[in-house]
Amino acid sequence: MSFRIEKDSMGEVKVAEDALYAAQTQRALNNFNISDLKMPLTFIDSILEIKLIAAETNHELGLLSKNKFQAITKAIKKIRKDKLVNHQNFPLDIFQTGSGTSTNMNVNEVVANLASNSKLKVHPNDDVNMGQSSNDVIPTAISVSATKSLVHELIPALLTLKSTIENKGKLHKKVIKTGRTHLMDAMPLSLQQELSGWAHQVQISVDNCQKIVPTMGQVAQGGTAIGTGINSSAKFRSLFSQKLKAHSGLPFSKSKNTFASIAGQDASVALSGVLNTLATALMKISNDLRWMNSGPVSGLGEIQLKAIQPGSSIMPGKVNPVIPEAVAMAAAQIMGNNTTITIGAQSGNFQLNVMLPVIAYNLLQSLHLATTSAEHLSETIAHFEVNEKALTDKLDKNAILATALAPEVGYEKASEIVYKARREERSILDVAVELTTISKAKLKKILDPKKLT
C-alpha cells in the first residue's frame, strides 16, 4: 500500500494514498480498535447535512466566501450522489472520544479533501467546521438522524402494523375462542377482541412517537464548545435551525437551552423509553403468536403461521415460528440498548456529555430494529390462517364457562359444576342440567359463548 503524509496540529501522519480522510481520522483509526462497530451511515449522512446547512448559513452571514461555500456544497452533494457514505470513507469505531470529535473531524476532512483543488484550499476546521464544534454537531446529528428515522420509517411501519392487525380482526370477528389468564383457560372472547388489544398497544407507541418528535427535533447547533456559542455568529443558531427545517421538511427548532442540549441527552433517553415500551408490545405480540401457533398436534394450534423455512436440521417436516422469534430477540436488543443509552446520558459531566457515539449508535439501532420488526410482524399477521375447528373444540370443553352461572347459582355451586365437568370430561351444559334446577334451554342461553364475549 502506498501512503501520503498528512499534517495536523500534532504533526505528521501516514495516511493511505487513496483515502479521502486525513490526519485526525487516521489518528483515530490508530487509537481506537476496540470493536468492529462503526458509526451508522445514517448518522454520517446527518452530519453531512449539518455541514451543508452550516456552510449555507455562514455564507449568508458573510463569513464564508462564495467560492468555498460552493466548493463545500458541491463536495457534499458528490459524497451523497456517488454513494461515498460508506465505512471505507467513514471507518471509525463507535468506541472513540466521547464527544464524537473523531467522527466530526472525519466528515470535515473528507468534505475538505473533495472541496479542495489546485486553485482553492478548503480547510477542515476553519471552513467546513466554521462556527461549529464537535460538541454541538454530534448532539445535533443525533437529533436529526433520530427524528428522520422516527418520522419517515418507524411511525409509518407502526401504522401499517396496526392496520394489518385491525384488518385481520375484522376478517375473523365472528370467531370465538377461549381466553387465557396465567396461561390457563378463562372466559371466551372473539379473535377480533384479542387482536384489538395488540392494535391498541401499537397505537400507544404511535402516539408516544408522535409526541416525542418536537422534543427530539430541538437541535444544539450554535452552542459550539460548551453552549455559549463562542466562535460562532450570534445569528447562526436561529438561521441554521430555520434552514434545517426548510431543507428537511421536519419540525426542527433551535434548542431552548444549548447548555442542556450539549451536556445532556434527555431527549434521547425519552425516545429510548418510547422504544423500550414498544419493544415490550412487540415481544408480547410475538409470544402470543408463538403460543397460538404451537403444535400443530400437541400445542394450542389455534392459528397456522405461513411456513417460510425448514425448522430443524434433524426433524423432517418441522416448521417453527421464526419471525416472532426473531422479533422477540430484536425487542430484547432494544431493551438492552435502553439501558446503555440511559447510562450514557448520565455521563454529562459539567458542560459536555462524553458518551455521545454510543448513544447515537444504540438509539439508531433501536429505531431500525423497531421499524423492521414492525414490518416483519405485519407480514406475518397478514398471512396467518385461523384454525376455527381447534378453537371451537377447545371452547366447547372450557369449564370456565360456568362463570356465567355464578350469578344464577352462586360461586360455590358453579365451582362444583366446573370440577365435576373436568373430572368426568363432560360439557358444562350437561353437568349443569344435573346439578341445577335451571332448564336446559335457559342454560344454553346463559352459556352461549358469543354472548359471553
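The values are calculated or read from the model by the stated rules, or taken from the named source; none is laboratory data. Because the structure is a prediction, the values reported are computed rather than measured. Note: ideal-geometry Cβ built from the backbone for every residue, glycine included; neighbour counts use all protein chains shown.
The table below lists the values:
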read-out	value
S248 being surrounded by 17 or more Cβ atoms within 10 Å (Cβ to Cβ) and either under 27 Å from the mean Cα position of the chain (by Cα) or without any contact (Cβ under 8 Å) to a residue 60 or more places away in the chain (or both)	yes
Count - residues of the range 295-338 that are small (G, A, S), assigned to a loop (DSSP other than H, G, I, E, B) and touching a residue at least 24 places away in the same chain (Cβ under 8 Å)	1
Flag for E302 being closer than 21 Å to K177 by Cα, among the acidic types (D, E) and either in contact with a Ser or Thr (Cβ under 9 Å, 6 or more places away or on another chain) or not assigned by TED's automatic domain parsing to the domain that holds D266 (or both)	yes
Of all residues in the range 199-244 being more than 23 Å from the chain's Cα centre (by Cα) and of a type in the set (K, R), the one that is surrounded by the most Cβ atoms within 10 Å (Cβ to Cβ)	R237
Condition check for F32: touching a residue at least 40 places away in the same chain (Cβ under 8 Å), surrounded by fewer than 20 Cβ atoms within 10 Å (Cβ to Cβ) and not aliphatic (A, V, I, L, M)	yes
Residues of the range 59-116 satisfying the condition of being free of Cβ contacts under 8 Å to residues at least 40 places away in the same chain, over 24 Å from S233 (Cβ atoms) and in a loop (DSSP other than H, G, I, E, B)	D82, K83, Q88
Residue ID - nearest to the chain's Cα centre (by Cα), chosen from residues in the range 50-65 that are surrounded by fewer than 20 Cβ atoms within 10 Å (Cβ to Cβ) and not small (G, A, S)	E56
So L275, is it part of a helix (DSSP H, G or I), within 27 Å of Q265 (Cα to Cα) and touching a helix residue (DSSP H, G or I) at 6+ places or on another chain (Cβ under 6 Å)	yes
Tally, over the range 350-373, of residues that are over 11 Å from G98 (Cα atoms) and either outside any helix (DSSP H, G or I) or not assigned by TED's automatic domain parsing to the domain that holds L275 (or both)	2
Residue check for K168: among the charged types (D, E, K, R) and in the same structural domain as I343 (by TED's automatic domain parsing)	yes
D8 out of contact with any strand residue (DSSP E or B) (no Cβ under 7 Å at 6 or more places or on another chain) and loosely packed, with under 13 Cβ neighbours inside 10 Å	no
Scope the range 416-443; condition in a helix (DSSP H, G or I), of a type in the set (G, A, S) and either in contact (Cβ under 8 Å) with a residue 40 or more places away in the chain or surrounded by 16 or more Cβ atoms within 10 Å (Cβ to Cβ) (or both); matching residues	A421, A432
Positions within the range 301-329 being surrounded by 12 or more Cβ atoms within 10 Å (Cβ to Cβ) and not aliphatic (A, V, I, L, M), in sequence order	G301, E302, Q304, K306, P310, G311, N320, P321, P324, E325
Every pair of residues 6+ apart whose Cβ atoms lie under 6 Å, when the first sits in the range 131-158 and is within 27 Å of S233 (Cα to Cα) and buried (at least 23 other Cβ atoms within 10 Å of the Cβ) while the second is β-branched (V, I, T) and modelled with pLDDT under 95	none
Residues (within 24 Å of Y361 (Cβ to Cβ), over 20 Å from the mean Cα position of the chain (by Cα) and hydrophobic (A, V, I, L, M, F, W, C)) located in the range 253-284	A260, I262, A263
Qualifying residues in the range 210-246 (those that are assigned to a helix (DSSP H, G or I) and assigned by TED's automatic domain parsing to the domain that holds F350) - the one nearest to S145 (Cα to Cα)	M216
Only listed residue being modelled with pLDDT of 95 or more and either over 30 Å from T280 (Cα atoms) or touching a strand residue (DSSP E or B) at 6+ places or on another chain (Cβ under 9 Å) (or both), chosen from I381, I428, I400, I359	I359
All positions within the range 126-185 that are assigned to a loop (DSSP other than H, G, I, E, B) and of a type outside the set (A, V, I, L, M)	N129, G131, Q132, S133, H172, K173, K174, H182
